[in-house]
Amino acid sequence: MNWQKIFNLIKHRLSQVIGLYGFVLIPIWVMYFLNSTVLFNFWNALGIIPRSLSLNSLIGVTSSWTMHGNFSHLMGNPLVLVQILFLFGLFERNAYRTIVKLIIGSGLMTWGLGSPFSIHIGASGLIFAMLGYMIGGAVFAKRWGYLVACILMGASYWFILKEGLMPQTGISFAAHFGGLCIGLLIGANSKHYYGNNY
């Protein structure tokens with residue numbers, strides 16, 4: 001057993017975890033404070049407008065995860081994101097690429113499934129896409145790390161899924177359901193490659 005290689009892999013994955021925190025969490029917080037202090041909530045007007053080909057809706061497909069209506073809305077996401085990003089950083093060979101796929105995929109699903117004339121904002125679509133990815137990877141791609149994580153975190157993840165998939169006023173069912181579906185699809189087709197590269 002090559003301990004140096006294992007140490008380098010662990011070191012690389014832990015640095016990837018820290019990088020993911022910056023990649024996902026910093027834009028959420030920065031855009032919230034810019035939006036509430038400088039942009040006068042203009043940023044939120046660029047959310048996803050289902051099946052609209054307007055420029056602001058297309059911006060929303062890739063950026064709605066950085067838009068939050070108020071501080072309470074914002075605070076509903078970081079704690080869950082910290083947990084899931086930690087797992088992605090540990091188990092994904094290229095976690096950044098996976099996150100970008102899930103951001104775009106969940107945005108497109110929300111764009112396709114959402115109610116007309118509505119605007120969808122928030123990071124919960126991404127969260128549900130990440131949960132779906134973990135479940136899809138665990139069940140269909142035999143990603144054992146995700147399987148163990150899903151079992152250990154089962155109760156809390158089940159509660160998130162149950163609450164998020166119950167239609168509620170002011171909650172984007174399209175983002176939650178669409179994110180979960182695209183995450184399952186991408187996760188089911190993910191593979192974990194072992195080799196010389198991290």
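The values are calculated or read from the model by the stated rules, or taken from the named source; none is laboratory data. Here the structure is a predicted model, which means the values were calculated and not measured. Note that each Cβ is placed from the backbone with ideal geometry, even for glycine, and that neighbours are counted across all protein chains shown. For the accessible areas, the whole protein counts, side chains as well, though only heavy atoms, and no ligand, DNA or RNA atoms are used. Shrake-Rupley method; radii C 1.70, N 1.55, O 1.52, S 1.80 Å.
Residue by residue through region 41-61, note down the ones that are in contact with a helix residue (DSSP H, G or I) (Cβ under 6 Å, 6 or more places away or on another chain) and under 18 Å from ILE104 (Cβ atoms).
LEU46, GLY47, ILE48, ILE49, PRO50, ASN56, ILE59, GLY60, VAL61
Test PHE128 against the stated conditions and say whether it is aromatic (Phe, Trp, Tyr), over 19 Å from GLY178 (Cα atoms) and touching a helix residue (DSSP H, G or I) at 6+ places or on another chain (Cβ under 6 Å). I'd like the intermediate steps shown before the answer.
Values: aromatic (Phe, Trp, Tyr): yes; over 19 Å from GLY178 (Cα atoms): no; touching a helix residue (DSSP H, G or I) at 6+ places or on another chain (Cβ under 6 Å): yes.
For PHE128, the condition - aromatic (Phe, Trp, Tyr), over 19 Å from GLY178 (Cα atoms) and touching a helix residue (DSSP H, G or I) at 6+ places or on another chain (Cβ under 6 Å) - is not met.
Tell me which residues, restricted to region 10-26, are of a type outside the set (Val, Ile, Thr) and either modelled with pLDDT under 85 or exposed (fewer than 12 other Cβ atoms within 10 Å of the Cβ) (or both).
LYS11, GLY22
In region 171-198, which residue that is in contact with a His (Cβ under 9 Å, 6 or more places away or on another chain) and at pLDDT 70 or above is surrounded by the fewest Cβ atoms within 10 Å (Cβ to Cβ)?
Residue satisfying both the conditions and the ranking: ALA174.
Between residues in region 39-58 that are outside any loop (DSSP other than H, G, I, E, B) and residues that are aromatic (Phe, Trp, Tyr), which pairs lie under 9 Å by C-beta distance while being six or more apart or on different chains?
Note: pairs meeting the criteria are TRP43/TYR32; ILE48/TRP111; SER57/TRP111; LEU58/TRP111.
What tally of residues in region 108-123 results from selecting those that are under 16 Å from the mean Cα position of the chain (by Cα) and surrounded by fewer than 23 Cβ atoms within 10 Å (Cβ to Cβ)?
1
Scan region 9-23 and give yes if some residue there is within 22 Å of ILE182 (Cβ to Cβ) and either in contact (Cβ under 8 Å) with a residue 40 or more places away in the chain or part of a helix (DSSP H, G or I) (or both), otherwise no.
yes
Test each condition in (1) out of contact with any helix residue (DSSP H, G or I) (no Cβ under 8 Å at 6 or more places or on another chain); (2) surrounded by 12 or more Cβ atoms within 10 Å (Cβ to Cβ); (3) modelled with pLDDT under 95 for VAL80 and report the one that comes out false.
Unmet for VAL80, out of (1) out of contact with any helix residue (DSSP H, G or I) (no Cβ under 8 Å at 6 or more places or on another chain); (2) surrounded by 12 or more Cβ atoms within 10 Å (Cβ to Cβ); (3) modelled with pLDDT under 95: (1).
Filtering region 27-56 down to residues that are of a type in the set (Phe, Trp, Tyr) and surrounded by 15 or more Cβ atoms within 10 Å (Cβ to Cβ), which residue is farthest from PRO78 (Cα to Cα)?
Taking the candidates together, the pick is TRP43.
Given the criteria outside any loop (DSSP other than H, G, I, E, B), of a type outside the set (A, V, I, L, M, F, W, C), modelled with pLDDT under 95 and open to solvent by less than 20 Å² (accessible area, probe 1.4 Å), does GLY132 qualify?
The answer is yes for GLY132.
Could you check, for region 138-157, whether at least one of its residues is touching a strand residue (DSSP E or B) at 6+ places or on another chain (Cβ under 6 Å), closer than 25 Å to GLY22 by Cα and not in a helix (DSSP H, G or I)?
no
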